[in-house]
Amino acid sequence: MRKIFTFLVLLFCMTCSLRAEVVKIQGIPVSGALATSVSAHQRIAAAEADAFSFDDIQFWVGEGENKAALVLQWNAEGETNALVWGYRWDGNATGYDMLTAIAKADSHLYALIDNTSYGYTVAGLGYDVNGDGNQVLIYNGEEVPVVDGLVDAQGRDYDDWTSKDETDYWWAGWYNGYWSYYVDDAGALPPTGYSGLGASSRNLVNGCVDGWNYAAGMQTFDWKPLQAAVSAPIVPALPETFTDGFFIQNEDWLGHANGSINWIGSDDTVYYNIDEKANDGKELMGVTSESATLYGDYYLAMSKQGNRLVVFDAKTMKVIKTLEQIGGDGRDLVVVDDNKAYLGTSNGVFVLNMTDFTVSEANIGGEDYSGQIGQMAKVGKYAFAVKSSVGVYVIDIATDEIVKTIEEPNIYGLTVSNDGTVWATTGSGEAKTNVLAINPVTLEATVQQLPYPITSPWFAWMVDKMCPSYAENAMFYAYDGSWNNTEKKLCKLLIDENGQLVEDKKFNFTMPVDNNGEAAQISYGTIRINPATDELILTTTQDGYGANYSNNWVHFVDTKTGEIKRTIVMKNDDGENYYWFPAIPVMPDNETPVLTTLSVALEGQEVVVPFSELFTDADNQEARAAVEVSVTDESVAKAVVEGAYVRFIPVAEGTTDANVSINSNGQKIEGTVAVSVSGVSSVSGLAEDNVKYYPTAVSDMLHVAGTGAGVLTVYDLAGVAVKTCSLQGNDAVDLSGLTKGHYIIKIEFGENMRIGKIVKL
């Protein structure tokens, strides 16, 4: 009996001993080889002479009377120190609360967490060493983004998780290695006591320390010397392609840095100095980079001096070519087609060969046309260039000759509306309220009045503060009475059917106040529409001088209401204010034009088709495109491209096709438009030599000569006949009853006719 009792006692003791030796990882019992491996390294040592204390912690998270420390060590290649964070709280908190709160607060730290029946398990920890923001985990080929510093493992095997960024410190695992949890309630830094609990079961006490040390390869690693984690800003890795967002070209800080380019992604992530980062840190831009344009595969940046023209690949921002000499100091540029562009300089206009990016030696127009060139634009067969204190040069793009100078000594800005009209802002002093409406076909200019004085650029090299809408025939401009006026706003102008500017009273914008809370911010650089979102992009700075210009904002404004939808505060990679001096937002070109007019019916009269009806381009103005139209059978109909529209002219009854070629900012398509003619017996042709009509800008009387007996018909731009009268040979036709605007005239005499365009003043 005694022997049986003795055996039972021994068996009980053995059972208790086995139970006491249950091995756990983060409170989860493990057995077999895993338990044997874990048991071998449940205690680790601190680095010798490590005098780190709570007072050395720099990165604190949370608020409260209680405080704890968190120590992390990855045992990764290149790691020399264990990192330490601090945590404050009131009430109750767990080790899981501390770890996840710090992961959310420190943009470099991220954790793979699994919710098990034993509580939360720390499956993996990562640290963005280079601060590029590339925090994505991969499980069996699936990319899982990090959100608020956390990823849910969802019970999937911990050992199969990897980090997309191989430069990050990263370990995850359970069988090939695991995150070993150490704690100390007495405040020893680092902790060396192995925890039998998981993080969510560990109750923190004031002054305690938690530590996570990865057992890579199931090996034991003593603590490395401790180092305080710091709140370093994330510098996101550059996108693979610059297509989903927009550029901001900056003048940058004169005397400290050359020009620069920033990129704002569609998720509002800001990437600074992409021109250098995409080119191995090389400084490529010139001094004061004010103007830029994107054409096809190219981003062309102009600077005043230094590398006056830099050509980048628009998708990757890899440099293609830099030009220091372009004929003068850089001002603005406009691309004509795949073969050439015009470069505006301090010494006139020069031709850039777009095939090899070489510049002509000859100044367009000769020495008489040298001098400060401001903004430039192209519509139809002409390019328009502002010359400071002179007016607007009109350049025939076929001959590179200046065919007209529209004189206006107070000229300073230029833009193009969706109907193809070229608008040149003028004025002097505080009354900068005039704008010239230039017809891109007749080249006639008429004066209109702006409701408020436009904010003019300081010099010819600065970009004007007016821009067109993409979604409607409207324009926006920034205005203020003066630099000392606190009322600094944006105005929206609608363009009516007669080409007149009308303020849109539904658009109400008020500039927000600056960081001082006293004065309004001021616009710096020009405004532009993001066609992908139909938002107005407004760059602003703080009013004043000196350090005020280191405060910069980008506002996204609703184009219908004027409401600021959101704002980005622009810093630099160190998270500090910086003197960007933004010049111009530049939009990528992601969309191909689409032909939308597939047939035209000419019922006894010509039909005028604006470019915007002929095709659509989601991220460019149709009016600025280069369009060619050729009719297959010109005995049936003819087509003439003028400005931003195509005139289809009936010749004789029948059907034919018109072949259309469209180059919209380097994106090219071709298509066919079916043309049918009815109501016309025969027309021998277009008589252009004998018949004359004048003036093309009509106040009251239009004079028509050389027709003999005939008929004059006047059409509005919608193709509706608004006046018809008989002709005898030398006639004066009273047009005083017509409203101001653009009209098409058709003069028919015998079997001949002539088509023209006039402006009613």
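Values in this text are rule-based calculations from the coordinates and carry no lab data. From a predicted model like this one, the values you see are computed outputs, not experimental measurements. FYI the Cβ positions are ideal-geometry reconstructions off the backbone, even for glycines, and counts take in every protein chain you see.
Test of understanding: extend the Cα→C-beta vector of Asp734 to 7 Å, then name every residue of the range 698-712 with backbone N under 13 Å from that spot.
In the range 698-712, the label zone of Asp734 (backbone N under 13 Å from the point 7 Å along Cα→Cβ) covers 700-702.
When a/c is below 1.5 the answer is rounded, else prolate if a/b is larger than b/c, else oblate, so apply that to the range 81-156 with a ≥ b ≥ c taken from the square roots of the Cα gyration tensor eigenvalues.
oblate
Could you list which residues have their amide H under 5 Å from that of Val586, counting only those 5 or more apart in sequence or on another chain, with H placed in the peptide plane?
Residues meeting the criterion, in which the H sits 1.01 Å from N, are Phe247, Ile248, Gln249.
With labels modelled as points extended 7 Å from the Cα through the Cβ direction, what inter-label distance (nm, one decimal) is found for Ala232 paired with Glu143?
Label-label distance for Ala232 and Glu143, simple model: 2.4 nm.
Using modelled amide H (1.01 Å from N, peptide plane; none on Pro or chain starts), what sits under 5 Å from the amide H of Met354, excluding residues fewer than 5 places away?
The list, which skips near neighbours in sequence, is Lys340, Ala341.
What full-extension length gain, to one decimal in nm, is calculated for Glu79 and Glu634 as 0.36 nm per residue of separation minus the Cα-Cα distance? Intermediate results must be reported in sequence, preceding the final value.
Working: separation 555, 0.36 × 555 = 199.80 nm, distance 7.76 nm.
Stretched out fully, the Glu79 to Glu634 stretch lengthens by 192.0 nm.
Can you bin the range 601-721 into rounded, prolate or oblate? Criterion: square roots of the alpha carbon gyration tensor eigenvalues sorted a ≥ b ≥ c, rounded for a/c under 1.5, prolate for a/b above b/c, oblate for the rest.
On the way: a/c = 2.27, a/b = 1.39, b/c = 1.64.
It is oblate, given that a/c is not under 1.5 and a/b is not larger than b/c.
As a quick test, which of the pairs Lys315/Lys387; Lys638/Lys757; Lys315/Lys381; Lys378/Lys404; Lys668/Lys757 have an alpha carbon distance above 22 angstrom in this structure?
Beyond 22 Å: Lys315/Lys387; Lys315/Lys381; Lys668/Lys757.
If R0 is 41 Å, what FRET efficiency do you get for Asp313 and Ala35 from their C-beta distance, rounded to 0.05?
0.10
Please list 507-518, 705-716 highest first by mean number of surrounding beta-carbon atoms within 10 Å per residue.
Values: 507-518: 14.4, 705-716: 17.8.
Ranking, from highest mean packing down: 705-716, 507-518.
Along Cα→Cβ, 7 Å out, is where each label goes; now give me the distance between the ones at Val569 and Asp657 in nm to one decimal.
Here the modelled spin labels are 6.1 nm apart.
Want the number for Thr358 to Gln154: 0.36 nm per residue separation, take away the alpha-carbon distance, what's left? Present the calculation step by step, with values, prior to reporting the outcome.
Working: separation 204, 0.36 × 204 = 73.44 nm, distance 5.89 nm.
Full extension from Thr358 to Gln154 adds 67.6 nm.
Can you give the extra length, in nm with one decimal, that the chain gains between Glu518 and Glu407 once fully stretched, where that is 0.36 nm per residue apart less the Cα-Cα distance? Intermediate values should be presented prior to the final figure.
Numbers: separation 111, 0.36 × 111 = 39.96 nm, distance 4.20 nm.
Full-extension gain reported as 35.8 nm.
Where in the chain are the DSSP H helices whose C-alpha atoms run 24 Å or more along the long axis and whose mean Kyte hydropathy is at least 1.0? Write down the numbers at each step before the final one.
Numbers: long enough: 2-20 (27 Å, 1.36).
For the chain, where a helix must reach 24 Å along its axis and average at least 1.0, the hits are 2-20.
Once the Cβ-Cβ distance between His256 and Asn206 is put in as r, and R0 is 41 Å, what FRET efficiency do you end up with, to the nearest 0.05?
Using R0 = 41 Å, I get an efficiency of 0.30.
In whole angstrom, note down how far apart the Cα centers of the range 646-665 and the range 722-761 are.
24 Å
Rounded to the nearest 0.05, what FRET efficiency do Val594 and Ala471 give with R0 = 22 Å and r taken as the Cβ-Cβ distance? Could you check?
In this case the efficiency is close to 0.85.
Under a no-solvent Debye model with one identical scatterer per Cα of the chain, what's log10 I(q)/I(0) at q = 0.08 Å⁻¹?
With one equal scatterer per Cα and no solvent, log10 I(q)/I(0) is -0.78.
Which order do peptides 195-201, 565-571, 258-264, 448-454 fall in by mean Cβ count within 10 Å, highest first?
258-264, 195-201, 448-454, 565-571
Enumerate the calculated ³J(HN,Hα) couplings along the range 252-261 in order (Karplus 6.51 cos²θ - 1.76 cosθ + 1.60, θ = phi - 60°), each rounded to whole Hz, writing x wherever the residue is Gly or Pro.
With coefficients 6.51, -1.76 and 1.60, one gets 6, 8, 4, x, 10, 7, 6, x, 8, 10 Hz.
Taking the beta-carbon count within 10 Å as an exposure proxy, list His256, His555 from fewest neighbours to most.
His256, His555
Could you check what % of the DSSP bridge pairs in the chain are antiparallel, to the nearest 5?
Counting DSSP beta bridges with both partners in the chain, the antiparallel share is about 90 percent.
Once you order the gyration tensor axes a ≥ b ≥ c over the Cα atoms, which shape class does the range 245-586 get: rounded for a/c under 1.5, otherwise prolate or oblate by comparing a/b with b/c?
Taking the square roots of the gyration eigenvalues as a ≥ b ≥ c, the range 245-586 is oblate.
If amide H atoms are built 1.01 Å from N in the plane of the peptide, which residues on other chains or at least 5 residues away come under 5 Å of the amide H of Val600?
Ala674, Val675, Ser676
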